[in-house]
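First up is the structure itself, then whatever we jot down about it.
The values are calculated or read from the model by the stated rules, or taken from the named source; none is laboratory data. Keep in mind that this is a model prediction, so the values were computed, not measured. For neighbour counting, all protein chains shown are included, and Cβ atoms are generated from backbone atoms with ideal geometry for every residue, glycine included. SASA here: full protein model, heavy atoms, side chains in, ligands and nucleic acids out. Shrake-Rupley method; radii C 1.70, N 1.55, O 1.52, S 1.80 Å.
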Amino acid sequence: MEKKRNQGDIAETEHDFFMRQALSLAMRSPLTASPNPRVGCLIVKEGRIVGEGFTQTVGGNHAEIQALAYATAQGQDVKGATVYVTLEPCSHFGRTPPCVEALIRAGVGKVVAAIKDPNPQVAGKGIARLRDAGIDVLCGVLEDQAREINLGFFSRMERKRPWVRVKIAASLDGKTALPNGESQWITSEKARMDGHFWRMKADAVMTGVGTVLTDNPRLNVRLPDVVRQPLRIVVDSHLKTPLDANVLADGKVWFFSANASPIRIDALKEKGAEVFSEINDTGLVNLREMMAILAEREINEVHVEAGATLSGALLQAGLVDELLLYMAPCCLGRGRDMFGIQALSSLEEKIRLDLREVTQIGDDLRIVARVMK
């Protein structure tokens, strides 16, 4: 019989209890695990944890392999044990061998998975293989929490595009800069450093050519302990980015263009950039095609720091999933707006948001809101 653990008037099953610990392990998975999902795994025998692990840097061990290795190193027998894993174990050869085969060889008795793997190469095949081997499988324990940890991975697999977050720093009256473009700095240093942490979480940081020409940003992460530098992306229809721009100074940069001259394309390539040409019916970059290419290139999460034109175009195209807003305690009056979107003819057309978090960061407010589809 399954034990119950009482928390106030909420009864938590034993499966929930151990899965929460597996989810905590998943959060310890390094950001460098991307494009793989962040996964945690516990091995439990007779109510005692005998193995634990989480996904390593891409190309390294998956969570299940780490947990099995941990148990072996501790001299623990896992035969008949229950394995708690935050994502269905993989059943295919990718960068590493299939985890289901390792679990079968180890002789575990049961696998409890939080959620099915959306990867078409797995998508239930791992569960089926385990059951064929006589292992009991339960799937769907704390499913929502497991999905939340890997929003970008699920977006890439299910929607064929990355999870897109738009970051904006603004005054309380919604202005991102003065009419002349001056914007440094509206928010506090603490808010800016917090923004760098969110940059580091993403696989790619995106901006538009207007921001490049106005602010000449580096788009890199400037923190004391940098885990990784994300890919940098510039949406530049006519490739107006100067060849001495900071964004070209170091690291990988991708440009998405339309109707650009071969001379400009070659010049940027000589600087080490990669250039894509995606045109829509207005002669500008096809934003949907751009997102599809990013998904094909295994980009799970895109962090956008751009002006009102690109941010507004992405929002109106239905390509924004989340807003990360830093609101400073000041008013700028007339100035530049957060989004350049077309005027609405009715309030029914408004873009609805789901507020997920409001946190004070230094003197500023950080607001995280999801775009309601």
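Whose amide H sits under 5 Å from the amide H of N286, counting only residues 5 or more places off or on another chain, with H placed in the peptide plane?
E278, I279, N280
For the chain, what is the mean residue ellipticity at 222 nm derived from helices alone (per DSSP H run of n ≥ 4: -39500 (n - 2.57); sum divided by total residues; nearest 500 deg cm²/dmol)?
-8000 deg cm²/dmol
Calculate what fraction, in whole %, of the accessible area of region 64-133 sits on carbon and sulfur atoms when a 1.4 Å probe is rolled over the protein chains. Intermediate results must be reported in sequence, preceding the final value.
Details: 1480 of 3020 Å².
Of all accessible area on region 64-133, carbon and sulfur atoms account for 49 percent.
Per residue, how much accessible area does region 44-85 show when a 1.4 Å probe rolls over the protein heavy atoms, in square angstrom? Show your work: numbers first, answer last.
Values: 1970 Å² over 42 residues.
Ligands and nucleic acids excluded, the result is 47 Å² per residue.
Write down the percent of antiparallel bridges among all DSSP beta bridges whose residues are both part of the chain, to the nearest 5.
45
Amide H neighbours of I49 under 5 Å, counting only residues 5+ apart in sequence or on other chains, H built in-plane at 1.01 Å?
none
Is the C-alpha gyration tensor of region 244-303 telling us rounded, prolate or oblate? Criteria: a/c under 1.5 is rounded; beyond that, a/b larger than b/c is prolate, otherwise oblate.
Oblate.
Give a residue-ordered list of calculated ³J(HN,Hα) values for region 363-373 (Karplus: 6.51 cos²θ - 1.76 cosθ + 1.60, θ = phi - 60°; whole Hz; x for Gly, Pro).
Those phi angles translate into 8, 9, 9, 9, 10, 10, 9, 9, 6, 7, 8 Hz.
What do you get for trypsin sites (Lys or Arg not before Pro) in region 284-343 restricted to DSSP loop and a cutoff of at most 13 other Cβ within 10 Å of the site's Cβ?
R334
Antiparallel as a % of all DSSP beta bridges within region 24-164, to the nearest 5?
Among the beta bridges of region 24-164, antiparallel pairing accounts for roughly 55 percent.
With the other protein chains left in place, how much accessible area per residue, in square angstrom, belongs to region 86-208 at a 1.4 angstrom probe? Show your work: numbers first, answer last.
On the way: 5080 Å² over 123 residues.
That works out to 41 Å² per residue.
Taking only the Cα atoms of the chain, how large is their convex hull per residue, in Å³?
Roughly 177 Å³ of hull volume per residue.
Can you list the trypsin sites (Lys or Arg not before Pro) in region 138-211 that are in a DSSP coil and have 15 or fewer other beta carbons within 10 angstrom?
Those that pass, being in a loop and sparsely packed, are K160.
State, to one decimal in nm, how far the label point of R105 lies from the label point of S277, with both points 7 Å from Cα in the Cβ direction.
Result: 5.0 nm between the two label points.
For region 268-354, which GluC sites (Glu not before Pro) are in a loop by DSSP, counting at most 15 other Cβ atoms within 10 Å?
Here the GluC sites (Glu not before Pro) that fit, given the DSSP loop and packing criteria, are E298.
Out of the total accessible area of region 240-364 (probe 1.4 Å, heavy atoms of protein only), what percent is carbon and sulfur?
Details: 3290 of 6750 Å².
Within region 240-364, the accessible surface is 49 percent carbon and sulfur.
Roughly how far apart, in whole Å, are the Cα centres of region 296-334 and region 17-73?
Value for the Cα centre distance between the two parts: 33 Å.
Any of K252/K373; K240/K373; K175/K240; K110/K160; K79/K160; K190/K271 with alpha carbons more than 28 Å apart? Name them for me.
Distance filter (> 28 Å) returns K252/K373; K240/K373; K110/K160; K79/K160; K190/K271.
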